[in-house]
Amino acid sequence: MIRVLLADDEAMIRAGVRAILSAAPDVAVVAEAGDGRTAVEQARAHRPDVALLDIRMPVLDGLSAAAELRRAVPETAVVMLTTFGEDEYVAGALEAGVSGFLLKSGDPYELMAAVRAARDGAAFLSPRVAHQVIAQLSGGLIGRRHAARAKVATLTPRERDVLALLGEGLSNAEIGRRLFLAEGTVKAHVSALMTRLAVRNRVQAAVIAHEAGMVAE
């Protein structure tokens with residue numbers, strides 16, 4: 001079972017997300033919170049696999065909660081729940097070490113994909129929010145696209161294959177099955193491409209994959 005902590009200050013949003021997650025046979029919502037401070041306390045108590053955090057919450061906002069949670073319970077992956085217009089928070093969320101961004105108004109399939117990807121150590125960018133992430137980090141999409149493609153050009157063909165699938169939110173095991181590679185080999189390719197791209201985590205690598213046009217929007 002994938003154990004999930006759900007934190008959002010809007011009770012109706014929590015109820016909707018909980019209903020979607022509860023319909024999956026491999027997911028269990030083990031704790032809920034209406035503010036960031038309670039979310040961190042619940043994470044310490046329940047040690048969930050994945051924490052879904054609203055970016056804007058009272059007492060302690062989602063970004064501060066994510067950073068604190070990552071320090072206190074590093075084994076818990078964090079996915080941020082966002083809406084259009086909140087892209088100014090994206091850079092801070094990346095610095096906090098989140099595993100992905102999920103649009104609240106997105107397809108329920110994206111919610112399940114994000115939770116499963118985060119549990120497996122992969123990155124997930126909701127296709128509809130990916131442009132926001134890129135624009136926030138770039139300040140100019142065209143220039144960023146050229147820069148991303150230049151970086152990707154330094155990768156080997158196999159590393160580019162791996163990066164494209166990483167950008168889709170696949171875990172190392174899933175990438176291995178898709179490319180007929182051992183999981184350890186995929187892990188080595190991921191480590192190498194992250195070094196070549198000068199990124200610190202899989203989310204940042206996934207952003208470059210999106211910027212370079214390697215992932216279908």
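The values are calculated or read from the model by the stated rules, or taken from the named source; none is laboratory data. As the structure is a prediction and not an experimental result, all values here were calculated from the model. As a convention, Cβ positions derive from the backbone with ideal geometry for all residues, glycine included, and neighbour counts pool all protein chains shown.
Here are the numbers for the structure shown:
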| read-out | value |
| --- | --- |
| Lone unmet requirement of (1) in contact with a helix residue (DSSP H, G or I) (Cβ under 7 Å, 6 or more places away or on another chain); (2) closer than 18 Å to TYR109 by Cβ; (3) modelled with pLDDT under 95; (4) not basic (Lys, Arg) for LEU6 | (3) |
| Test set (1) under 15 Å from the mean Cα position of the chain (by Cα); (2) surrounded by 17 or more Cβ atoms within 10 Å (Cβ to Cβ) - LEU193 fails condition number | (1) |
| Given (1) at pLDDT below 90; (2) surrounded by fewer than 23 Cβ atoms within 10 Å (Cβ to Cβ); (3) within 16 Å of the chain's Cα centre (by Cα), index of the condition PRO74 fails | (1) |
| Residues (out of contact with any Asp or Glu (no Cβ under 7 Å at 6 or more places or on another chain), without any contact (Cβ under 8 Å) to a residue 60 or more places away in the chain and assigned to a loop (DSSP other than H, G, I, E, B)) located in the range 1-25 | GLU10, ALA23, PRO25 |
| Selection within the range 37-72 - assigned to a helix (DSSP H, G or I) and within 14 Å of ARG14 (Cβ to Cβ) | THR38, ALA39, GLN42, GLY62 |
| Test for GLU183: is it surrounded by fewer than 22 Cβ atoms within 10 Å (Cβ to Cβ) and modelled with pLDDT under 95 | yes |
| Flag if ALA216 is more than 21 Å from ARG119 (Cα to Cα) and over 18 Å from the mean Cα position of the chain (by Cα) | no |
| Scan of the range 181-205 for residues that are assigned to a helix (DSSP H, G or I) and free of Cβ contacts under 8 Å to residues at least 12 places away in the same chain, ordered by number | GLU183, GLY184, THR185, ALA188, SER191, MET194, THR195 |
| Odd one out for ALA117, checked against (1) outside any loop (DSSP other than H, G, I, E, B); (2) outside the structural domain of ASP26 (by TED's automatic domain parsing); (3) surrounded by 20 or more Cβ atoms within 10 Å (Cβ to Cβ); (4) modelled with pLDDT under 90 | (2) |
| Identity of the residue in the range 77-97, touching a Lys or Arg at 6+ places or on another chain (Cβ under 7 Å) and modelled with pLDDT of 90 or more, that ends up surrounded by the fewest Cβ atoms within 10 Å (Cβ to Cβ) | VAL78 |
